[in-house]
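Worksheet for the structure shown next.
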Amino acid sequence: MSNPIVYLVVVAAAFLLAGLVKGVTGLALPTVGVGLLSLAMPPAHAAALIVVPALITNVWQMMSGPGLGSLVRRLWPMQLAICLGTWASASLMAGSETALASAALGIALIAYAAFGLMNVTVPHVPAWAEWWLGAFAGGATGFISAATGVFVIPAVPYLQALDFEREEFMQALGLSFTVATIALAGSLVSAGTLNLGTGLYSLLALVPALAGMIAGQHLLRVMRPATFRRWFFSGLALLGAHLAIGVL
C-alpha cells in the first residue's frame, strides 16, 4: 500500500473494530485485526502489526486476577507447546506462498466462526489428561498461529473444556494469548517481517485498539451479548470465506 495516509487509515479502522470486539467479548483482537488487515496486505505483515496491541492488551488481561501462579503451573505444558509449535512452523506465513497463508487464515476464521455460531458444548477434560491434551492443543495452536497469525483455535475450546470460572477463564486466555503473541513475534523477527518500522506502526495501532476496547465496554452495557456474538461470528465467517475463496 503505497499511500501512507491510506495505510494509516486502514490500519486504524481495523484496530478500532478489533478493539471494539475485544471490549465486548474479552478476546479476538488478533483474530479480527489480522483478518481485516489481510484484505489489504499479506497475513505476515498484518500479524506483525498486531504484535504490540495484542501483547499489551493480553498482558493486561493476564494480570487481572489473583490466580496467575496456579494457572502457569497448570497450563505450562500447553504454553511450552505453543512456543515450540510456532517456532517449528515459522516459515509457513513468512514464506513466499502468501496466497496459501491467506487461504489458511480464511479457513481458520471460518472454523472459529462455526464454533461460535453453533455454541458447541466442549466435553470436560479430566485432570489426568490435561498434560498431554494441553500439549497437543498448544502445539496445534502454535502451528495455526505460525500459518495464519491467529491463535484462538484450538486454544479457546481447550480452555473452555477445563471448566474455569469466568474470571479465571479470562485470565487463562490472557496467559495463553500473551505466550502465543511473544512466540509469533519471535518468529516474525527471525523472518525479518517484524522490524523497527513495523514495530512503530504496531505501537501506533495501540491507540485505536484501546479506543475500540473502551467503546466495546460501553456497548456491552446497552447491547445483548448474544446478539453481538451472532453478528460478530457471522461477519467473521464471511470475512474468512472471502479470504479463502480469493486465492481460487
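The values are calculated or read from the model by the stated rules, or taken from the named source; none is laboratory data. Being a predicted model, the structure only gives us computed values, none of them experimental. Neighbour counts run over all protein chains shown; Cβ positions are idealised from the backbone, glycine included.
For the range 183-198, the condition holds for no residue, the condition being that it is at pLDDT 90 or above, of a type in the set (Ser, Thr, Tyr) and buried (at least 17 other Cβ atoms within 10 Å of the Cβ). In the range 126-149, the residues that are crowded, with 17+ Cβ neighbours inside 10 Å form Cβ pairs under 6 Å with partners that are of a type in the set (S, T, N, Q), at six or more places apart or across chains, as follows: GLY142/THR86; PHE143/SER89; SER145/THR86; ALA146/THR86; ALA146/SER89. Scanning the range 1-23 for residues that are of a type in the set (A, V, I, L, M, F, W, C) and part of a loop (DSSP other than H, G, I, E, B) yields a single hit, MET1.
Applying the selection to the range 201-248, what residues are among the aliphatic types (A, V, I, L, M) and more than 20 Å from the chain's Cα centre (by Cα)? Residues satisfying the conditions are LEU219, LEU220, VAL222, MET223, ALA226, ILE245, VAL247, LEU248.
Among residues of the range 20-41 that are more than 15 Å from ALA108 (Cβ to Cβ), those with a Cβ under 8 angstrom from a residue that is in a loop (DSSP other than H, G, I, E, B), sequence gap 6+ or separate chain, pair up as VAL21/ALA28; LYS22/ALA28; VAL24/MET223; ALA40/MET1; MET41/MET1.
For (1) of a type outside the set (Lys, Arg); (2) touching a Leu at 6+ places or on another chain (Cβ under 7 Å); (3) surrounded by fewer than 23 Cβ atoms within 10 Å (Cβ to Cβ); (4) modelled with pLDDT under 90, each residue gets a yes or a no:
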residue	(1), (2), (3), (4)
LEU159	yes, yes, no, no
ASP163	yes, no, yes, yes
ALA180	yes, no, no, no
PHE232	yes, no, yes, yes
GLY235	yes, no, yes, yes
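Restricting attention to the range 43-92, the residues that are under 15 Å from the mean Cα position of the chain (by Cα) and farther than 28 Å from GLN217 by Cβ total 5. Spot the failing condition for SER234; the list is (1) in contact with a helix residue (DSSP H, G or I) (Cβ under 6 Å, 6 or more places away or on another chain); (2) hydroxyl-bearing (Ser, Thr, Tyr); (3) over 22 Å from TYR7 (Cβ atoms), and only one is missed. Of the numbered conditions (1) in contact with a helix residue (DSSP H, G or I) (Cβ under 6 Å, 6 or more places away or on another chain); (2) hydroxyl-bearing (Ser, Thr, Tyr); (3) over 22 Å from TYR7 (Cβ atoms), the odd one out for SER234 is (1).
Summed over the range 122-146, the residues that are within 21 Å of the chain's Cα centre (by Cα) and more than 16 Å from VAL32 (Cα to Cα) give a count of 13.
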